[in-house]
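Novice: Just passing along the structure, written as structure tokens.
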Amino acid sequence: MGASSAVHAREDLFSAHSSRADHFTESVIREMTRLSLQYNAINLAQGFPDFPCPAELKTAACEAVHEDINQYAITWGARDLREALAQRVKEYNRMDFNPESEITVTCGSTEAMMASMLAVIQPGDEVVVPEPFYENYGPDAQISGAVPRFVSLLDDFSIDEEAWKSGFTKKTRAIILNTPNNPTGKVFSKKELAFIADLCADHNVIAITDEIYEHILYDGNKHVSLGSLDGMQERTITIGSFSKTYSVTGWRVGYALAIAGITERIRKIHDFLTVGAPAPLQRACVNALMLPETYYRDLAIEYDRKRKILFEGLRRAGFSCQLPEGAYYIFTDISEFGMTDTEFARFLVEKNGVAAVPGSSFYHSGGQTKLRFTFSKKDETLREACRHLEHLDLS
Ligand code: PLP
């Protein structure tokens, strides 16, 4: 084959064949981080801290490497980590899981969600996704072959019960729930969770819950795991992560908790997706789970202060927004500024030195009047960003 026909053949290989990847665009959140670096802006787009993780965890990670915990861990997670997780989840989430057969350690909650969906969904099954939603769930549904059915939250982020009831059909296999919620900051109450649990039971549906912000709560809000409600453990996959609670988003350690029959399937998918999560960091995560209760109290206090710094700065700059009940984002309304979300996000990062996420990336359609800012940053970073925002030059 001549050189030019080889090139031609290669082009055909890429252009003539479609793939699942053609059905979604790249992540807007991660793209905003790249733009933020390009324009040397303050990154209030992607939710990761610009402050260090606890010193104990750094030490534990270094020690693990020095102790030669550098080879593959058991595929579904090192035993000591699964045992520590079982203990922690029993105390905090009020659920019992057998570390031998019901816990899978994954590469972040991102992989836990993907492996869970691939484990329980048949192509064509419907999956209920409350909207607005964390950006990944759209592509997750596409990759697993699920048909997403979006159900909305009302303006105050409470559940639109009638819309949710009609979102469940004979084809519904699962619902994806994220509480505390990104991007809205909503924390679902026990009463709302009971409503969701009834829908799941009535329609024989599996709940996949993303509880990555379970410790980041304000104003006395309490985290309730859907799986802890009566009869729900057998039909819930509870997903958690070390990323946010311990400020180690780059470690990529998360987990999925589910009864043995479901875990068996999750483990098979997980094995062939990744083989396993990083072994030395799994060891360090055992140390994370040994931190005292005051660690979690202080984390919430720290984020509460950051929440107020950003909230007040955004209000002064003319954004209309609410204080979130949990997680570390403020979802603002930008109708007053006369630009769409993507125009405004571009403008802010290029001309104003602040990166935020366009609201439309949290909706299957809509969200053009919204922008999401994270406050998972040092106080001085937030104050600096607020100064930039207060001096918007819209002319
Ligand atoms: N789920 C939600 C709701 C998130 O906001 C994020 C990150 O921002 C993730 C999952 C990703 O978490 P992980 O780092 O555990 O993969």
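Novice: Here are E293, E350, E325, E312: which of them is touching a Phe, Trp or Tyr at 6+ places or on another chain (Cβ under 9 Å) and surrounded by fewer than 20 Cβ atoms within 10 Å (Cβ to Cβ)?
Specialist: Numbers: E293 fails: touching a Phe, Trp or Tyr at 6+ places or on another chain (Cβ under 9 Å); E325 fails: surrounded by fewer than 20 Cβ atoms within 10 Å (Cβ to Cβ); E312 fails: touching a Phe, Trp or Tyr at 6+ places or on another chain (Cβ under 9 Å).
On inspection, the qualifying residue turns out to be E350.
Novice: How many of the residues in the stretch 79-107 are basic (K, R) and in a loop (DSSP other than H, G, I, E, B)? Don't jump to the end; show me each part of the working.
Specialist: The initial filter retains those residues of the stretch 79-107 that are basic (K, R), namely 79, 82, 88, 90, 94.
When the remaining residues are screened for being in a loop (DSSP other than H, G, I, E, B), the result is 94.
The qualifying residues number 1.
Novice: Could you list, in sequence order, the residues of the stretch 218-261 that are surrounded by fewer than 24 Cβ atoms within 10 Å (Cβ to Cβ), touching an Asp or Glu at 6+ places or on another chain (Cβ under 7 Å) and outside any loop (DSSP other than H, G, I, E, B)?
Specialist: A260, the sole residue that qualifies.
Novice: Against the definition (within 16 Å of the ligand (Cβ to nearest atom), in contact with a Ser or Thr (Cβ under 7 Å, 6 or more places away or on another chain) and over 23 Å from I74 (Cα atoms)), how does E135 come out, yes or no? I'd like the intermediate steps shown before the answer.
Specialist: On the way: within 16 Å of the ligand (Cβ to nearest atom): yes; in contact with a Ser or Thr (Cβ under 7 Å, 6 or more places away or on another chain): yes; over 23 Å from I74 (Cα atoms): yes.
Spelling it out, E135 is indeed within 16 Å of the ligand (Cβ to nearest atom), in contact with a Ser or Thr (Cβ under 7 Å, 6 or more places away or on another chain) and over 23 Å from I74 (Cα atoms).
Novice: Next question, about the same structure. Being surrounded by 16 or more Cβ atoms within 10 Å (Cβ to Cβ), under 30 Å from M232 (Cα atoms) and modelled with pLDDT of 90 or more, is that true of even one residue in the stretch 26-42?
Specialist: no
Novice: How many residues are without any contact (Cβ under 8 Å) to a residue 60 or more places away in the chain, under 20 Å from T184 (Cβ atoms) and surrounded by fewer than 24 Cβ atoms within 10 Å (Cβ to Cβ) when one looks only at the stretch 367-382?
Specialist: 2
Novice: Looking at the stretch 113-166 only, could you name the residues that are of a type in the set (D, E) and out of contact with any helix residue (DSSP H, G or I) (no Cβ under 8 Å at 6 or more places or on another chain)?
Specialist: Step one: list which residues in the stretch 113-166 are of a type in the set (D, E), which gives 125-126, 131, 135, 140, 155-156, 160-162.
If the condition is that a residue be of a type in the set (D, E) and out of contact with any helix residue (DSSP H, G or I) (no Cβ under 8 Å at 6 or more places or on another chain), then D125, E126, D155, D156, D160, E162 are the ones that fit.
Novice: Still on this structure: Filter the stretch 189-213 for residues that are within 13 Å of the ligand (Cβ to nearest atom) and among the hydrophobic types (A, V, I, L, M, F, W, C); which is farthest from N93 (Cα to Cα)? Before the answer, list the steps.
Specialist: Restricting attention to the stretch 189-213, the residues satisfying the condition of being within 13 Å of the ligand (Cβ to nearest atom) are 208-213.
With among the hydrophobic types (A, V, I, L, M, F, W, C) added as a condition, the list becomes 208, 212.
Values: I208: 15, I212: 12 Å.
Here the answer is I208.
Novice: Separate question: I need the full set of residues from the stretch 298-355 which are of a type in the set (V, I, T) and either out of contact with any helix residue (DSSP H, G or I) (no Cβ under 8 Å at 6 or more places or on another chain) or part of a loop (DSSP other than H, G, I, E, B) (or both), in order please.
Specialist: We begin by selecting, within the stretch 298-355, every residue of a type in the set (V, I, T); these are 301, 309, 330, 332, 334, 340, 342, 349, 354.
Residues satisfying the conditions are I301, I334, T340.
Novice: Does P130 satisfy the criteria of being under 19 Å from the mean Cα position of the chain (by Cα), assigned by TED's automatic domain parsing to the domain that holds T263 and either surrounded by fewer than 19 Cβ atoms within 10 Å (Cβ to Cβ) or not aromatic (F, W, Y) (or both)? Talk me through it step by step, then tell me what you get.
Specialist: Details: under 19 Å from the mean Cα position of the chain (by Cα): yes; assigned by TED's automatic domain parsing to the domain that holds T263: yes; either surrounded by fewer than 19 Cβ atoms within 10 Å (Cβ to Cβ) or not aromatic (F, W, Y) (or both): yes.
So P130 passes the test.
The values are calculated or read from the model by the stated rules, or taken from the named source; none is laboratory data. Treat the numbers as computed from the prediction; the structure is a model and nothing was measured. Note: ideal-geometry Cβ built from the backbone for every residue, glycine included; neighbour counts use all protein chains shown.
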